[in-house]
Amino acid sequence: MSLFREPLPPIPQETAKVVRAITRRKKNLYVTFADEIGPVYVADDFADAYSKRGQPGLSPVLLLLVTLIQFIENLSDRAVVEALQFRIDLKYFLHLPLDYDGFDPSVLTEFRQRLIKLDATKVLLDKLLDVAIEKGLLKSSKQRTDSTHVLASVRDLNRLELVFETMRLALEFLIDWNFEWLESIAQPEWAHRYAQPCFNFRIPKKEKDKANWIANIGRDGYFLLEEIDKLENLALIDHPRISTLRKIWEQQFVVENDHPKKGPRLRKDDEYTIASSEMIVSPHDSDARLGTKRGFQHKGYKTHITETCDENAPHLISHVETTSATTTDVEMRPLIEKRLGEKGLSPLEHIVDAGYTDVKTMKEASDNGLDVIGPMQMCTSWQDKAGKGFALADFQIDWDTRQAICPAGKTTNNWSERSKESSLHIKFEVKHCSACPFRTNCTKGTGPRTLQVKERDLFDALARFRKRQDTEEFKKKYSIRAGVEGTISQAVRRSGGRRSRYLGLAKTHLQIAATAAALNILRLANWLIELPLAKTRKSPLSLLSVPA
Ligand code: SF4
């Protein structure tokens, strides 16, 4: 029987004796967690995650805990195995003998792949939360969520580098796949053209040379795809390197039939035919996307972190989601709330920023007993922005008679429904608006004034939410949202969460889930040690602020 085929064995006496001696005066996070919380994961959780080949002695429970240590300490695979060899507190945490000499770090790579294949990522966080509930250390009535960007583990490529690198990687893959076949179809100049990775300084500077350079790459890609299709080998056609080549050529190139000699060229900005959510930005990681927020752009992913924030209990991360960089926050909030419900952790109050609020889903949540506390987007009409003129609030809406009355006292019942947007389009009469003395206060268009309003129940709910956010009670409840920024900061600074360590969405999510579980271990141990929470840093410049 190998060391870890069964649940972790008892802590070896020698290890315990040494740890007791050296932690007599100062408590240690791993020792406290092992003593007070005990085993979290059992072998049954990962029955299918045992390696069928090689390294038969290593249990998934051990490898999982080592993975979490990596994110508590922000260590590479090699560094964490070294730490296991030399740190006694880690040996105690993992129930290892003092003379344990580690394992080959490549085992961790294989383990991560098995976890993803088995879709076992959620076990990392959920098992820990179950144990926290059992120990009475998890209160979930108030939770807060925020998102942050995660950079893909790839070099930032411009479009010219992107198409070149895609072609180069496809050729490198095909050399391994079938060298003789590639040699039989390869153009003589490919060996020289694609020998080196593409960097901007290698791209011709003159416009004419650059156009020829791009056309050659485009032609090479189309030719290669044609030859691959002739083989009718579905496994090859669907291989990520080849399907990425095909997609990037569809996305980036256009062939001008009226100029066959010119060859393919890159699309101009107004010639793209697909949404940015589909646009591949790197052949090295075809899941990464270009995200934009308030003028800041990044290539990679977005992660949403939800944590509990009740008083008198540790603040634990209750859920994480990782999405494409182009997915909006507001799309994710209902899904996050659904997942929390599935875990039995539905909050009574979910505190979020304006990016997550939307009247329709907030009303649905409210009808189900969940209060979403977050500011609604304010009206964006020119009248609201300027604070003058006739804004929507200046019109009377009579829902029973389906009439709207404008500030000049004119009435309209010209209402039409837009079911897709759950909204109504209300139009005043041309004869009233064209002769109206208040027209410049009301509309800048040439036609009559129109109004876009939500359906009645949403219209009323929106008014209610907007009114509520001006109250002191709302401001007090909302003020605790900012605490989640500290959690994001901890994930970034302590665990290296700003950049993905791995390629692809699934592995990036594994990193985020492991980071969340790692921070929860840290927070539970700190709570048990009675370490006070860090205070919010105040800028020394705040001393200069003088009440107005
Ligand atoms: S422009 Fe039309 S809608 Fe506006 S106040 Fe005048 S009559 Fe009423």
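Net charge around residue 384, counting only other residues with Cβ within less than 14 Å of its Cβ (Lys, Arg = +1; Asp, Glu = -1)?
Values: positive: 385, 388, 444, 466; negative: 394.
After counting each charged neighbour, the total is +3.
Need one number: convex hull volume per residue for the stretch 382-455, Cα atoms only, in Å³.
Numbers: hull volume 6.9 nm³, N = 74.
It is 94 Å³ per residue.
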So what's the net charge close to residue 322: Lys and Arg +1, Asp and Glu -1, counting the other residues with Cβ under 11 Å from its Cβ?
0
Between the modelled labels at residue 223 and residue 254 (7 Å from Cα along Cα→Cβ) the distance in nm is 2.5
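Taking the Cβ of each residue in 26, 117 as the centre, tally the other Cβ atoms inside 10 Å and list the residues starting with the fewest. Spell out each step's value before the answer.
Details: 26 7, 117 11.
So the residues, fewest neighbours to most, are 26, 117.
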What aspartates and glutamates could a cross-link reach from residue 475, if we take a straight Cα to Cα line under 13 Å and drop same-chain neighbours fewer than 8 places away?
353
By a straight-distance test (C-alpha under 16 Å), which aspartates and glutamates pair with residue 467 as possible cross-link partners, with residues fewer than eight away in the same chain excluded?
358, 371, 384, 394, 457
Would you mind counting up the charge near residue 194? Only other residues with Cβ under 15 Å from its Cβ, with Lys and Arg at +1 and Asp and Glu at -1.
-2
Straight distance only, please: which lysines reach the Cα of residue 444 with their own Cα at less than 20 Å, same-chain residues fewer than 8 apart left out?
385, 388, 410, 427, 431
For the charge dipole of the stretch 294-364, defined by +1 on Lys and Arg C-beta atoms and -1 on Asp and Glu C-beta atoms about the Cα centroid, which residue among 356, 295, 306 has the Cα displaced farthest towards the positive pole?
295
Positive end of the dipole of the chain, charges at C-beta (+1 Lys, Arg; -1 Asp, Glu), about the Cα centre: which of 480, 255, 97 has its Cα farthest in that direction?
480
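Kindly put 352, 123, 18 in sequence by how many other C-beta atoms sit within 10 Å of each C-beta, fewest to most. Mind showing how you got there, number by number?
On the way: 352 27, 123 19, 18 15.
By the 10 Å Cβ count, ascending, the order reads 18, 123, 352.
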Using the Cα gyration tensor of the stretch 416-478, with a ≥ b ≥ c the square roots of its eigenvalues, what is the shape: rounded (a/c below 1.5), prolate (a/b larger than b/c) or oblate (neither)?
oblate
With the cut-off at 1.5 for a/c, could you classify the stretch 339-406 from its C-alpha gyration tensor as rounded, prolate or oblate?
oblate
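With +1 assigned to the C-beta of every Lys and Arg and -1 to the C-beta of every Asp and Glu, and no other charges, what is the dipole magnitude of the chain about the Cα centre in debye, to the nearest 20? List each step's numbers first, then the result.
Working: 82 positive and 74 negative charges, 436 e Å.
That gives the chain a dipole magnitude of about 2100 debye.
Using the Kirkwood radius over C-alpha pairs as Rh, can you work out the diffusion coefficient of the chain via Stokes-Einstein at 25 °C, viscosity 0.890 mPa s, in µm² per second? Could the numbers behind the result be given before it?
Values: Rh = 28.2 Å.
Rounded to a whole number, D works out at 87 µm²/s.
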Column: log10 I(q)/I(0), Debye, Cα scatterers of the stretch 159-271, q = 0.23 Å⁻¹:
-1.47
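Taken together, the values in this text are just the output of simple stated rules run on the coordinates, not laboratory data. Given the structure is predicted, the values throughout are model-derived calculations rather than measurements. Glycine also receives a Cβ, built like all others from the backbone with ideal geometry; neighbour counts cover every protein chain displayed.
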